Amino acid sequence: MSSYFKDNKAFMFVGKPSNWQTSLQRSATPIMKQIVQIMSFTNVLLFPILLFVVITIIFLCYNYTNNPNVSQINENLILEITWILIPVLILSSICSPSFKALKYQMSQKKLPHITVKVTAHQWYWNYEYSLVGNKFNYNSNMLKQHQRLEYKKTNLKLYPELLATDYELVVPARRVIRILVTSDDVIHGFAVPSFGLKTDAIPGKLNDAWIKVNTPGIYYGQCSEFCGKDHAFMPIAIRTVSQEKFNTWLKLAKNNLDSAFNAIRHGKQIQ
Ligand SMILES: [Cu+2]
């Protein structure tokens, strides 16, 4: 299924879950690519183990019904070394790529292009940009059905129910973005599955993460820490645009958020 949908004559990539999806969402950042690789590698190890355990159980049950006299082995050095060594080898082979990915996730490779501060509230997000000459912040609330016409977000494939917001977090594509996450009230969770991003928003504490998105588009996530009555209704939407569009948006956003979003949504190029 294609993840590109038309918005104002231009095709947009949309990072969102699909119906009956069991696999992970398509990775959009280098961090998520590593996570997907680890998962595939772990599955390669897990399925033979599962098969071995199931076959052994069936074999033992079958054997027991035919021969109820269970063998009484008290000591077997080779057997003991084998069943210690094999799990140790399996676990260390999983451990090494996991730590590598964790280290990569924790360290920013380059100086960030911009830093965005995300503050969670019951039950919406606030995005703050502190760039030279451009210091402003705005709230991002879930898009309600009656607001779809007003915000020109009637396409449900692009702006899915319960995931679309009135104003997205806007970041330039192909740049390292540092994200600082905190909360104003209770603990929330800032999570975007296709970015491999999940950071707790804790009052009085700043957690940091970084993303580098290659494909321009809209990526959806949700609050992932139960935070009260409307926890299910505080989605996260991140709009990734080209550097030029981001500059245009930045210039306008400080004074008029609506015109800033209109400006970056009217493009004829397929990106
Ligand atoms: Cu929350």
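Here is a check on your reading of the model: is Ser130 more than 16 Å from Met12 (Cβ to Cβ), at pLDDT 90 or above and small (Gly, Ala, Ser)?
Taking the combined requirement at face value, the residue does not satisfy it.
Using the structure shown, decide if Trp210 is of a type in the set (A, V, I, L, M, F, W, C), closer than 23 Å to Thr29 by Cα, away from the ligand (no atom under 16 Å from the Cβ) and over 12 Å from the mean Cα position of the chain (by Cα).
It is false that Trp210 is of a type in the set (A, V, I, L, M, F, W, C), closer than 23 Å to Thr29 by Cα, away from the ligand (no atom under 16 Å from the Cβ) and over 12 Å from the mean Cα position of the chain (by Cα).
Of all residues in region 152-182 being of a type in the set (Ser, Thr, Tyr) and surrounded by 17 or more Cβ atoms within 10 Å (Cβ to Cβ), which is nearest to Asn19 (Cα to Cα)?
Across region 152-182, the extreme among qualifying residues is Tyr159.
Which condition number does Ser242 fail, the rest of (1) under 19 Å from the mean Cα position of the chain (by Cα); (2) open to solvent by less than 40 Å² (accessible area, probe 1.4 Å) being met?
Going through (1) under 19 Å from the mean Cα position of the chain (by Cα); (2) open to solvent by less than 40 Å² (accessible area, probe 1.4 Å) one by one, Ser242 breaks only (1).
Going residue by residue through region 107-115, is there one that turns out to be open to solvent by less than 20 Å² (accessible area, probe 1.4 Å) and not aromatic (Phe, Trp, Tyr)?
For region 107-115, residues open to solvent by less than 20 Å² (accessible area, probe 1.4 Å) and not aromatic (Phe, Trp, Tyr): present.
Looking at region 216-242, I want the residues that are closer than 13 Å to Trp123 by Cβ and have a partner that is charged (D, E, K, R) and more than 16 Å from the ligand (Cβ to nearest atom) with Cβ atoms under 9 Å, at least 6 apart or on another chain. Which pairs are those?
Ile236/Glu168
Go over the candidates Asp258, Asp185, Asp230 one by one and state the one that is open to solvent by 20 Å² or more (accessible area, probe 1.4 Å), farther than 28 Å from Gln21 by Cβ and within 11 Å of the ligand (Cβ to nearest atom).
Asp185
Of everything in region 213-227, what is away from the ligand (no atom under 16 Å from the Cβ) and open to solvent by less than 60 Å² (accessible area, probe 1.4 Å)? Give them in sequence order.
Val213, Thr215, Pro216, Gly217, Ile218, Tyr219 - these are the residues of region 213-227 that are away from the ligand (no atom under 16 Å from the Cβ) and open to solvent by less than 60 Å² (accessible area, probe 1.4 Å).
Name the residues in region 100-136 that are more than 19 Å from the chain's Cα centre (by Cα) and assigned to a helix (DSSP H, G or I), would you?
None - no residue of region 100-136 is more than 19 Å from the chain's Cα centre (by Cα) and assigned to a helix (DSSP H, G or I), so the list stays empty.
The values are calculated or read from the model by the stated rules, or taken from the named source; none is laboratory data. Because the structure is predicted, anything quoted here is derived from the model rather than measured. Note that we place each Cβ from the backbone using ideal geometry, even for glycine, and neighbour counts take in every protein chain shown. All accessible areas refer to the heavy atoms of the entire protein, side chains included, with ligands and DNA or RNA removed. Shrake-Rupley method; radii C 1.70, N 1.55, O 1.52, S 1.80 Å.
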